[in-house]
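**Q** Just passing along the structure, written as structure tokens.
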Amino acid sequence: MLGFLATRAVQRRLVGVAITAALLAGGMVSGCARDANGEQSTRVLRITERDFKITAPRVVRAGEIELRSQNRGPDDHELIVVRHSEGRLPMRSDGITIDEDALQRQEVGVLKPFAPRTVAVLRVELTPGRYVLFCNMAGHFLGGMHTTLVVR
Ligand SMILES: [Cu+2]
């Protein structure tokens, strides 16, 4: 229903390291990297995006986190991470997209739109707080593509 809007090209500043890779069925590596002291240095947070839902863990420990988002389509999706303590995210005057300019200082990272059947990776340093993960392609947020992540 929103497919014609979803094809709109979105020019976006890329924050952090974003890699889109072909999805290898069953080949996903689990776990984390360890530093010289044997401490966990990077943890992987698995996310699934589909029309129109984002599935992700609700709580994660603070630190360096690798967000791995799998697009199950059928549309392209993006992923925006903002630190947002409470209340609703501000809408643009179009009434169907979030005002990212107003959230610029809260923005932690962005995965540009990526295709169905691919995985996009974003590394972020998350400090304790409340975050919102969402897709801001036209209509997708209102369609349900947002979730809250609490970092402890
Ligand atoms: Cu989307």
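**Q** When you scan region 105-149, how many residues do you find that are outside any strand (DSSP E or B), away from the ligand (no atom under 16 Å from the Cβ) and under 15 Å from the mean Cα position of the chain (by Cα)?
**A** The number of residues fulfilling the criteria is 1.
**Q** Moving on. Strands (runs of 3 or more DSSP E) wholly in region 52-99 with at least 1 residues that are buried (at least 16 other Cβ atoms within 10 Å of the Cβ), more than 11 Å from the ligand (Cβ to nearest atom) and not aromatic (Phe, Trp, Tyr) - which ones?
**A** 63-71, 77-83
Here, each number is a calculation from the coordinates, and none is a lab measurement. Nothing here was measured: the structure is a model prediction, and the numbers come from that model. Note that each Cβ is placed from the backbone with ideal geometry, even for glycine, and that neighbours are counted across all protein chains shown.
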